[in-house]
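**Q** Pasting a structure here, questions to come.
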Amino acid sequence: MKNIVLFVAVACASAFGRPASAHEAHEHGTARLNLSVEGQRVEIKLETPLANLISFEHAPSTDAQKKEVRDMAAALHKADTLFIFPAEARCRLEKVSLESEVLSADLLAAAGASAGLAGKDAIHKGASHKDAAEKAPAGGKEEGGETHADLDAEITFLCDNSENLKRIEVRMFAQFPDLREIEVQTVTPGRQGAAELTPQSNVIGW
Ligand SMILES: [Zn+2]
């Protein structure tokens, strides 16, 4: 399994030699996370190859694949089990928006939520993502016969005592075993930082 994943990662990286800025960061096994803390608001923006979360990177065509997407979305909507805040910060999950160029808002919506709302609100403003969506409206980016696609998640927590918030434990690795590294950028009051999380080192601190 490991060899296969490595091969795919290499294929991925080389397939996109220069062009799509959107996919410069598309490396299987690795995700990027931007964390910002401002006032009571904690924003987490996660950008990851779909392959880190499910077993394919295209629109689902079978019931089993649709179920895989729904299960993945359900896990991400329970973001307060993936991002663990210190109790004294008194944080609660406010909102989760999921977006992927190959997955319908319907499949990505929280269970029981109306599909219509997820769409517009969740549009990722990042230029790179927009670029990808424009170039490949009907599916993932296809080059050399392979299709690749990302998932973007925007997760908001509100913390009553955000001044007591100095660390967040990230439990995504346990939920998504194909995810092996998260490159983190943090913007917290008065400072910026960067970190690399792995299953062995899964706490963002500042
Ligand atoms: Zn890929």
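**Q** Given the criteria within 11 Å of the ligand (Cβ to nearest atom), under 21 Å from the mean Cα position of the chain (by Cα) and modelled with pLDDT of 95 or more, does Phe16 qualify?
**A** no
**Q** So, of the residues in the range 187-200 that are surrounded by 11 or more Cβ atoms within 10 Å (Cβ to Cβ) and of a type in the set (S, T, N, Q), which turns out to be modelled with the highest pLDDT?
**A** Among those that are surrounded by 11 or more Cβ atoms within 10 Å (Cβ to Cβ) and of a type in the set (S, T, N, Q), it is Thr198.
**Q** Just to be sure I understand, how many residues within the range 148-172 are touching an Asp or Glu at 6+ places or on another chain (Cβ under 6 Å) and among the hydroxyl-bearing types (Ser, Thr, Tyr)?
**A** Adding up the residues that qualify gives 1.
**Q** Evaluate the following for Leu76: is it in contact with a strand residue (DSSP E or B) (Cβ under 6 Å, 6 or more places away or on another chain), at pLDDT 95 or above and away from the ligand (no atom under 16 Å from the Cβ)?
**A** Spelling it out, Leu76 is indeed in contact with a strand residue (DSSP E or B) (Cβ under 6 Å, 6 or more places away or on another chain), at pLDDT 95 or above and away from the ligand (no atom under 16 Å from the Cβ).
**Q** Here is a check on your reading of the model: is Ala174 without any contact (Cβ under 8 Å) to a residue 12 or more places away in the chain, of a type outside the set (Ser, Thr, Tyr) and surrounded by fewer than 16 Cβ atoms within 10 Å (Cβ to Cβ)?
**A** Judged against the criteria, Ala174 is not a match.
**Q** Quick test of your reading of the structure: Pro86 fulfils all but one of (1) more than 16 Å from the ligand (Cβ to nearest atom); (2) surrounded by 20 or more Cβ atoms within 10 Å (Cβ to Cβ); (3) of a type outside the set (D, E, K, R). Name the failing condition by number.
**A** Only one criterion in (1) more than 16 Å from the ligand (Cβ to nearest atom); (2) surrounded by 20 or more Cβ atoms within 10 Å (Cβ to Cβ); (3) of a type outside the set (D, E, K, R) is unmet by Pro86, namely (2).
**Q** Restricting the search to the range 34-73, which residues are without any contact (Cβ under 8 Å) to a residue 60 or more places away in the chain, away from the ligand (no atom under 15 Å from the Cβ) and in contact with an Asp or Glu (Cβ under 8 Å, 6 or more places away or on another chain)?
**A** Of everything in the range 34-73, just one residue is without any contact (Cβ under 8 Å) to a residue 60 or more places away in the chain, away from the ligand (no atom under 15 Å from the Cβ) and in contact with an Asp or Glu (Cβ under 8 Å, 6 or more places away or on another chain), namely Pro60.
The values are calculated or read from the model by the stated rules, or taken from the named source; none is laboratory data. Only a predicted model underlies this, so the values are computations on that prediction, with no experimental measurement involved. With ideal geometry, Cβ positions are generated from the backbone for all residues, glycine too; neighbour counts draw on all protein chains shown.
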